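Below: the structure, in structure tokens.
The values are calculated or read from the model by the stated rules, or taken from the named source; none is laboratory data. Note that the coordinates shown come from a computational prediction; the quantities given were computed from them, not determined experimentally. Here Cβ is always computed from backbone atoms with ideal geometry, including for glycine, and neighbour counts include all displayed protein chains. In case anyone asks, the SASA skips ligands and DNA or RNA and just uses the protein heavy atoms, side chains included. Shrake-Rupley method; radii C 1.70, N 1.55, O 1.52, S 1.80 Å.
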Amino acid sequence: MRAVRIHQYGGTETLQLDQIVTPEINADDVLIAVKASSINPVDWKIRQGYLKDFIPYELPLTLGWDVAGVVTAVGTEVTDFKVGDEVFSRPDITRSGTFADYVAVKADEVAFKSSKLDFAQAAALPLAGITAWECLVDVGNVQAGQRVLIHAGAGGVGHLAIQIAKAKGAIVIATASTKNQTLLVELGADQAVDYSQAALLEQIAPVDLVVDTMGGEVQAQSWALLKKGGMLVSVVDQPNEETAKAHDAKCAFVFIQPSRRILNELNTLVDNGQLTPFIENRFPLEQLADAHLQSQSGRTRGKIVIEVS
Ligand SMILES: NC(=O)c1ccc[n+]([C@@H]2O[C@H](COP(=O)([O-])OP(=O)(O)OC[C@H]3O[C@@H](n4cnc5c(N)ncnc54)[C@H](OP(=O)(O)O)[C@@H]3O)[C@@H](O)[C@H]2O)c1
């Protein structure tokens, strides 16, 4: 089968289209024929070696941790899927990834694909959608009527977080540059904030929850935007507990894990018409390097999908 692998850490020149043996499955795995995958910043961060002290990968490594496709084999212990099922997943990031014709995934990390989504849309949802859900619901415990600030609302995580927060009844404030203000409103934001026009503090009244997908200076500015007792959840930079206390706020860091439960929650929103992934661009597997470069620009609107078959 085809797989785009890195044989060493580095730039996009390390991405190599290889012919390799189709993976064997464990008793608790399903084998998925990949129809589509999608790009997440973690792909190029891993390619650059950013996580190598955290996850000791064996190279060569197939990147990519979103998948939508069709089950072509099931392990001996798997009872909930059969050959031919249309599924999607954010597989375990410590295993070989999804920029390939086939991927072996633990069955309990897989969910049925909603019939409302095609394979490209389903591949755009798992990693970014699980992240948005964890920040807002599992950790942020968002409640109807609360004011929620979503940084980078036009990005992969942010554009899904806006829709999930709206579905939960929150009042959503989202940030982006000038060119993405209309997109924020189309996604459902109650207030679209242009971070390039004025300081956030001048534009945003106090909020109950901040979803921080930027870290650094954006996180630093966010503390002053929280109501007393509010919460900042970051997926980029571990927030400082002392800083949180100084602002009478709570904080948390999220690093997501695979979750069939959350995939099914996302499916429910999709089926209710409350959640639709926005795909900015599609690339074939052979052009993965171009897709990485586009994601690395930091300007992605919604998701970049890799069409595999
Ligand atoms: N910890 C975890 O488990 C986890 C999970 C998922 C993602 N992440 C991390 O979360 C981050 C975001 O992921 P993603 O997939 O959403 O990235 P992404 O799709 O690449 O985000 C791109 C978006 O960022 C926006 N942006 C750039 N600078 C901004 C600023 N100063 N203020 C507001 N928006 C800004 C851009 O909008 P404009 O062009 O309008 O500025 C663009 O739409 C990445 O670092 C990723 O690695 C972590």
Return the Rg/Rh ratio of the chain with Cα-based radii and a Kirkwood Rh.
0.98
Using alpha-carbon pairs under 8 Å, 6+ residues apart, how would you state the relative contact order of the range 128-253 in percent?
21
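Give the relative contact order (percent, whole number) for the chain; include only Cα pairs under 8 Å separated by 6+ residues.
Computed over the chain, the figure is 19 percent.
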Among the listed pairs Lys52/Lys250; Lys45/Lys106; Lys35/Lys113; Lys45/Lys179; Lys45/Lys166, give every one whose C-alpha distance is greater than 20 Å.
Lys52/Lys250; Lys45/Lys106; Lys45/Lys179; Lys45/Lys166
Percent antiparallel among DSSP beta bridges with both residues in the chain, to the nearest 5?
55
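For the chain, what is the accessible area per residue in Å² when the probe is 1.4 Å?
Each residue of the chain exposes 41 Å² on average to a 1.4 Å probe.
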Leaving ligands, DNA and RNA out of it, work out the accessible area of Phe81 with a 1.4 Å probe and give it in Å² to the nearest 10.
10
Calculated FRET efficiency, Lys116 and Val83, Cβ-Cβ r, R0 25 Å, to nearest 0.05?
0.60
In what sequence, largest accessible area first, do Ile164, Ile171, Ile20 appear using a 1.4 Å probe?
Ile171, Ile20, Ile164
Provide Phe253, Phe283 ordered by accessible surface of protein heavy atoms (probe 1.4 Å), highest first.
Phe253, Phe283
Report the accessible area of Val236, computed with a 1.4 Å probe over the heavy atoms of all protein chains in place, in Å² rounded to the nearest 10.
50
Whenever you get a sec, compute what percent of the accessible area on the chain sits on carbon and sulfur atoms (1.4 Å probe).
49
Would you tell me the accessible area of Ile262, worked out with a 1.4 angstrom probe on the heavy atoms of the protein chains, in Å² to the nearest 10?
0
